[in-house]
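First comes the structure, then the notes that go with it.
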Amino acid sequence: MNPRGSRRPLTARAHAAVAARISPGALAVDATAGNGHDTRFLAEAVGATGQVWAFDVQTPALEATARRLQAAGLTQRVQLIHAGHEHLAAHLPPAAHGRLAAVLFNLGYLPGGDHGRITQPETTLAALEMALAWLHPRGLVSVLAYRGHGGGEAEYEALQAWLSRRGPAVRCLHRESPSANAPVLLLLERGDAPGGCMQEAP
Ligand SMILES: C[S@@+](CC[C@H](N)C(=O)[O-])C[C@H]1O[C@@H](n2cnc3c(N)ncnc32)[C@H](O)[C@@H]1O
């Protein structure tokens, strides 16, 4: 159980927070497609008129995501991109700039894949900058950071340092980690987003 008394996994909490910002026809990005769970969630959330771009650097991840989308009949709504999320701007149409309802980051390694191939602080931070620049003013960036694997804690520390450097330009709505060394969920929006801070857990 986490400190707020919920047994819901952090992925479900991330999805709930993101779902509240997405309406049919929305544009969204899965920055780390992995096994496609998050991509499928986004594809369902944006509906038949929406569009999802899903990035991953590994072929097995994109293949797993493609299979999951195929099984769910959702392939038409998703463009799979074999590239690092730090190259987001090179792969999205200019018309999507400032219109992304949500960008999901689920950091770390591919479950069931090569555990040595992990997201890296430098590219993660570059992608986060880009995600915020392409975000709709009311959009949400969700970051799930895993601290328990080699490199995970360093990446989380880099995230924290980046957040303090960015100051009011990035609003951190919610930070949750059920226990020390456990995964951390960060929900971020643009500092110029309308409305105040969300006080409650998603
Ligand atoms: C924890 S998994 C993602 C889980 C996934 N969202 C899901 O629903 O199954 C992390 C993924 O990030 C990918 N990755 C690592 N570096 C990346 C980068 N620079 N850009 C995009 N994906 C990256 C890894 O290949 C791995 O598949």
- Residue by residue through segment 141-169, note down the ones that are touching a helix residue (DSSP H, G or I) at 6+ places or on another chain (Cβ under 6 Å) and more than 14 Å from LEU10 (Cβ to Cβ). VAL141, GLU155, ALA158, TRP162
- Note on the structure: Checked against (1) surrounded by fewer than 19 Cβ atoms within 10 Å (Cβ to Cβ); (2) modelled with pLDDT of 95 or more; (3) not hydrophobic (A, V, I, L, M, F, W, C), ARG166 satisfies every condition except (2)
- Item | When residues of segment 22-42 are limited to those that are among the β-branched types (Val, Ile, Thr) and near the ligand (Cβ under 7 Å from one of its atoms), the one most open to solvent (accessible area, probe 1.4 Å) | THR32
- Query: Which one of these does THR11 not meet: (1) assigned to a loop (DSSP other than H, G, I, E, B); (2) of a type in the set (S, T, N, Q); (3) open to solvent by 20 Å² or more (accessible area, probe 1.4 Å)?
  - Reply: (1)
- Task: Scan segment 166-182 for residues that are of a type outside the set (A, V, I, L, M) and in a loop (DSSP other than H, G, I, E, B) and jot them down.
- Result: SER177, PRO178, SER179, ASN181
- Task: Answer yes if at least one residue in segment 110-119 is aliphatic (A, V, I, L, M), open to solvent by 60 Å² or more (accessible area, probe 1.4 Å) and either more than 13 Å from the chain's Cα centre (by Cα) or within 14 Å of the ligand (Cβ to nearest atom) (or both), and no otherwise.
- Result: no
- Filtering segment 109-135 down to residues that are at pLDDT 95 or above and either assigned to a loop (DSSP other than H, G, I, E, B) or among the polar types (S, T, N, Q) (or both) yields THR119, GLN120, THR123, THR124
- Message: If TYR156 meets every condition in (1) more than 10 Å from the ligand (Cβ to nearest atom); (2) closer than 24 Å to GLY50 by Cβ apart from one, which number is that one?
- Response: (2)
- Tell me which residues, restricted to segment 63-94, are outside any strand (DSSP E or B), open to solvent by 40 Å² or more (accessible area, probe 1.4 Å) and closer than 20 Å to ALA45 by Cα. ARG67, ARG68, GLN70, ALA71, GLY73, THR75, GLN76, ARG77
- Task: Filter segment 43-61 down to residues that are under 16 Å from the mean Cα position of the chain (by Cα), surrounded by fewer than 24 Cβ atoms within 10 Å (Cβ to Cβ) and either within 8 Å of the ligand (Cβ to nearest atom) or part of a helix (DSSP H, G or I) (or both), then give me how many there are.
- Result: 4
- Task: Kindly establish whether ALA193 is touching a strand residue (DSSP E or B) at 6+ places or on another chain (Cβ under 6 Å), touching a residue at least 60 places away in the same chain (Cβ under 8 Å) and either open to solvent by less than 20 Å² (accessible area, probe 1.4 Å) or outside any strand (DSSP E or B) (or both).
- Result: no
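The values are calculated or read from the model by the stated rules, or taken from the named source; none is laboratory data. Computed from a predicted structure; not experimentally measured. Please note: Cβ atoms are built from the backbone with ideal geometry, for glycine as well, and neighbour counts cover all protein chains shown. Side chains are part of the model used for accessible areas, which takes the heavy atoms of the whole protein and leaves out ligands, DNA and RNA. Shrake-Rupley method; radii C 1.70, N 1.55, O 1.52, S 1.80 Å.
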